[in-house]
Amino acid sequence: MALKAENVSKTYGSGLLGSRKCIFREVSFELEPGKTFGLMGPSGEGKSTLGRIVAGLESPTSGTILLNGNPLLGMKKAEYTAFRRRVQMMFQDPTDSFNPRKRIEQSISEVLKLLNSPESKRLQSTKEMLKTIGLPKEVLARYPSQLSGGQLQRLALGRILLLEPEYIVLDEPTSALDVSVQAQILHLLKKVQAEEGIGYLLISHDEAVIRFMSERIGMLKKGKLDMIRT
Amino acid sequence: MKKGICIQKSPGQWKDSIAHYLNLDIRKYKKTFKKFNRGGLFLFFFFLILALFPSLFAPYPPTERFVSYEPPSAAHLLGTNDIGNDILSELVYGARISMMVGFATACISTFIGLMIGLCSGYFRGTIDELLMGFTDVVLIIPKIPLIIIIGAFLHPSIWTLILVLGLLSWESIARVVRSKTLQIREAGYVKSARCMGFSSFHIMVSDIFPNLIHVLMPKFMLTTASAMISEASLSFLGLGDTSMKSWGIMLSFAFSRGGFIRDMWWWYIPPGVCIALCVMSIAMIGFGFEGRDEKERRGMDAE
Amino acid sequence: MNTLLEVKDLVVSFHGNETENKNEDKNESVTAVSCLSFSIREKETLALVGESGCGKSVVAHAIMRLLPQESRVKGVIKFRGKNLLEMNEKEMAKLRGKEISIIFQNPSLALNPVYSIGHQLAEPFKIHGQEKRRAAEERKEEKRKEKRKEKGKKKEKENTILSKIVEALKRVGFSNPHEYMGYYPSWCSGGMNQRFLITASTILDPFLLIADEPSKGLDRDRVSELENELKNLKEMNENALLLISHDLGFVRRLADRVAVMYAGEIIEIAGPSSLFESPHHPYTRGLLNSLPENGFVPIPGSSPPLSSLPAGCRFHPRCPIKEKRCMQEHPELKENNGRAVRCFLWP
């Protein structure tokens, strides 16, 4: 039971012209349910790229991603759809994580529609979700531009939770937020993890955030992953 | 340097700093612009009503015949033409045809442009290169000469005209839609929608398309306006459908059947004025949409 | 020391244009900043801290008179004895860059990508050094005079500008400035661009430098780099700095005085050491507790939107020590030996 990255490398640029740029080479680590793996390092070292690869949104140049021993590359369509549900990603900028032309309600109900949840149950699960993330019901009628960054980041998390994922890749989830809101979001993430047993891959350049959140920590620097805390 | 900093802060301040430099109040101009836009809407609805209910406004059916070459009088406000049709009635009925050509063309070209732009912007890669290559090919075809040739070979009909104009004027829409799609594609909500497993079709329809409307609307209006102009010029060259009398065809007849020689200004000036006003009103609405888009963006920037 | 900038009872409100098509707050105006008063002495660094949406950037823009047209500004902003709010655009344009200068957030966007660094650094001289008028006069005379002589003159002037730029670039730590002057912003790293931007903002030696969230979105390394930059600047030049930031650690190391803003008003002003060691206002305390070094203890709830502020003390819904009168009366900013607090519970 784990989400594993095995010997993952990523290079950019075409090989023919010799202008290949290696972002990172042979990186391996493992996410366990209910635990957090913190990935830190200076910007421009490919932390986000590694996150996207783990979440299956980008393919690595070499190496494999395994979900419970099942390689991502060889998955059939149905399996991949299941993978898409089980591994989610949360992005840095809360202000553009929701479609600005839709009310929050609409964005949420679309996710529920995607899950084929019956219409009668939708309101119930939306309410439960709002309770988990600690927001009042009024936010549903708002447009994203009418909400603060902290509220939107909570909602982004809540929307992901509706899919009942096993792993979430958190790409700088608090770096666009104020300190007091950052603290709230981090506590919320911890609470959700304790309740649902979700495994996190936390990507951040802020060492304090990583140290606060993670059981194990890796440092991505100069294309290599050094384990700092295991 | 200072100038550079101020200008690039946000689109809103860009305008403001121009105002600072010219030392004038831009708000005043905005207001007149708004009035302008309202005037455009008013004119447009006037023409739209003319086009939808011509029988309410025209004194006679357009095919009824009276004495020919009559000057303006109480019975015929704009006189009659060579075969004795009442020119005012012709003018009113012509609105429908001119506007229909404009809007049908714009619908076709907006649809094609949207599809091509959306697909090439969203899927990128090979599809993008193929579609944009095709767009470039269409872009360099000289439109009017091609239509003249097609018109010479095919039976001149309003429907061929619409089809040909529509099939040839979507390139700029496709390019605008593509660049906007490329931009929206990188937004967080599209990324997270892909991450949550929504289908590409769903993302394109429900996440990207609504954010394209504000660039599509002005484009749609301007395409309509330019299609109406194209129709008028082609009709004037004698490539129009003579069974459906648009304003362009009226001009053409006035030219070929002695309106100009006899100096019958009531025959050739009204359709010309109508084309000019109608196109202007549509273009003004288009500009109005563009202005609103800018305002919205500014609102977002001001947080 | 003299007071350089004095802001008194500043009120900035926006008229609800932005929410026009969202059928809410349609005719209501939102007060972003209410009755704000503070002053900056010469050579002093004042920091305005607060969460996003508390109106701290609005203050900077109000001082520079860069607010959009929908805004209404009331109060007095006195800069070296002149009220900035009564000036017309022409006078204001003369002041901007020369006497008050601003560093914006994103260095890579604030520099114009199509001009070289040297060109952009020379621009402030061209705009403000009365170069324009003189150059125009010279051009008229040029026709009468020999061309060669003119060229020599022009070169001389360019040389003085050049040497000033070189000096300024050396000051921010570029060892061979001549090379960098030919560079374009896209060739340089973000940190270098940030330094160029600071150079450009300070090259005319303004009395007041406003830094609007200079550390937002930067890496830790870059933040400390920027911090050194600003520290050097403070030591070498004798200008005052208004630092607007949400980064408390950054502020602590740089500021001489810190003003904490909450929901459009200042709730506490104090020196950094006393503020960070013994915060008086419960909000300041909460803010400090949510810092990483204090263990990320969050303040419950969230800041109220500026369109619907609570009655009484604006912080009372989230305050752990609130009393009855906190919900009814609005506390005033009370000054007491160098620090000011807006709370009933602190005399």
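The values are calculated or read from the model by the stated rules, or taken from the named source; none is laboratory data. What you see is a predicted model; the values in this text were computed from it and never measured. Reconstructed Cβ throughout: ideal geometry from the backbone, glycine too, with neighbour counts over all protein chains shown.
Does any residue of segment A:114-122 turn out to be surrounded by 20 or more Cβ atoms within 10 Å (Cβ to Cβ) and either within 23 Å of residue A:85 (Cα to Cα) or of a type in the set (Gly, Ala, Ser) (or both)? Walk me through how you get there before you give the answer.
In the first step, residues of segment A:114-122 are kept if they are surrounded by 20 or more Cβ atoms within 10 Å (Cβ to Cβ); the result is none.
The answer is no, given that none of the residues of segment A:114-122 is surrounded by 20 or more Cβ atoms within 10 Å (Cβ to Cβ) and either within 23 Å of residue A:85 (Cα to Cα) or of a type in the set (Gly, Ala, Ser) (or both).
Rundown of residues vs (1) within 14 Å of another protein chain (Cβ to nearest Cβ); (2) under 19 Å from residue A:50 (Cβ atoms), yes/no style:
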residue: A:154; (1), (2): yes, no
residue: A:159; (1), (2): yes, no
residue: A:163; (1), (2): yes, no
residue: A:171; (1), (2): yes, yes
residue: A:186; (1), (2): yes, no
residue: A:199; (1), (2): no, yes
residue: A:208; (1), (2): yes, no
residue: A:222; (1), (2): no, yes
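Summed over segment C:159-209, the residues that are without any contact (Cβ under 8 Å) to a residue 60 or more places away in the chain, part of a helix (DSSP H, G or I) and polar (S, T, N, Q) give a count of 3.
Checked against (1) more than 12 Å from chain B (Cβ to nearest Cβ); (2) in contact (Cβ under 8 Å) with a residue 24 or more places away in the chain; (3) closer than 29 Å to residue A:191 by Cβ, residue A:122 passes all but condition (2). Checking C:48, C:111 one by one, the residue that is modelled with pLDDT under 85 and either buried (at least 17 other Cβ atoms within 10 Å of the Cβ) or outside the structural domain of residue C:233 (by TED's automatic domain parsing) (or both) is C:111 and no other. Go through (1) surrounded by fewer than 19 Cβ atoms within 10 Å (Cβ to Cβ); (2) within 14 Å of chain A (Cβ to nearest Cβ) and name the single condition residue B:159 misses. That leaves (2) as the condition not met.
When you scan segment B:63-160 for helices (runs of 4 or more DSSP H) that lie fully inside it, which ones turn up with 3 or more residues that are of a type in the set (Gly, Ala, Ser) and on the phi < 0 side of the Ramachandran plot?
Working: elements: B:87-123, B:125-140, B:143-153.
Output list reads B:87-123.
Every residue, every condition in (1) assigned by TED's automatic domain parsing to the domain that holds residue C:262; (2) surrounded by fewer than 17 Cβ atoms within 10 Å (Cβ to Cβ); (3) acidic (Asp, Glu); (4) out of contact with any Cys (no Cβ under 6 Å at 6 or more places or on another chain), yes or no:
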residue	(1), (2), (3), (4)
C:304	yes, no, no, yes
C:307	yes, yes, no, yes
C:313	yes, no, no, no
C:316	yes, no, no, no
C:323	yes, yes, yes, yes
C:326	yes, no, no, no
C:329	yes, yes, yes, yes
C:333	yes, no, no, yes
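Considering segment A:92-109, the residues that are within 20 Å of the chain's Cα centre (by Cα) and within 7 Å of chain B (Cβ to nearest Cβ) include one that is surrounded by the most Cβ atoms within 10 Å (Cβ to Cβ), namely A:98.
Residue A:173: crowded, with 19+ Cβ neighbours inside 10 Å and farther than 30 Å from residue C:50 by Cβ, yes or no? No: the conditions fail for residue A:173. Across segment C:290-347, the qualifying residues are those that are of a type in the set (Val, Ile, Thr) and farther than 18 Å from residue C:265 by Cα, and the one among them that is nearest to the chain's Cα centre (by Cα) is C:299.
Yes/no per residue for (1) within 26 Å of residue C:294 (Cβ to Cβ); (2) of a type outside the set (Asp, Glu); (3) crowded, with 19+ Cβ neighbours inside 10 Å:
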site: A:145; (1), (2), (3): no, yes, no
site: A:154; (1), (2), (3): yes, yes, yes
site: A:157; (1), (2), (3): yes, yes, yes
site: A:182; (1), (2), (3): yes, yes, yes
site: A:195; (1), (2), (3): yes, no, no
site: A:200; (1), (2), (3): yes, yes, yes
site: A:207; (1), (2), (3): yes, no, no
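Condition check for residue B:89 on (1) over 22 Å from residue B:287 (Cα atoms); (2) modelled with pLDDT under 85; (3) polar (S, T, N, Q): one failure, at (2). Selection over segment B:168-193 of residues that are touching a residue at least 24 places away in the same chain (Cβ under 8 Å) and surrounded by fewer than 15 Cβ atoms within 10 Å (Cβ to Cβ) gives a count of 1. When segment C:253-289 is filtered for residues that are in a loop (DSSP other than H, G, I, E, B) and either more than 17 Å from the chain's Cα centre (by Cα) or buried (at least 23 other Cβ atoms within 10 Å of the Cβ) (or both), the ones remaining, listed by number, are C:263, C:264, C:271, C:278, C:279, C:280, C:281.
Applying the set (1) surrounded by 23 or more Cβ atoms within 10 Å (Cβ to Cβ); (2) not assigned by TED's automatic domain parsing to the domain that holds residue C:124 to residue C:169 leaves exactly one unmet item: (2). Of all the numbered requirements in (1) more than 26 Å from residue A:33 (Cβ to Cβ); (2) away from chain B (no Cβ under 12 Å); (3) of a type in the set (Gly, Ala, Ser), residue A:134 misses one, and that requirement is (1).
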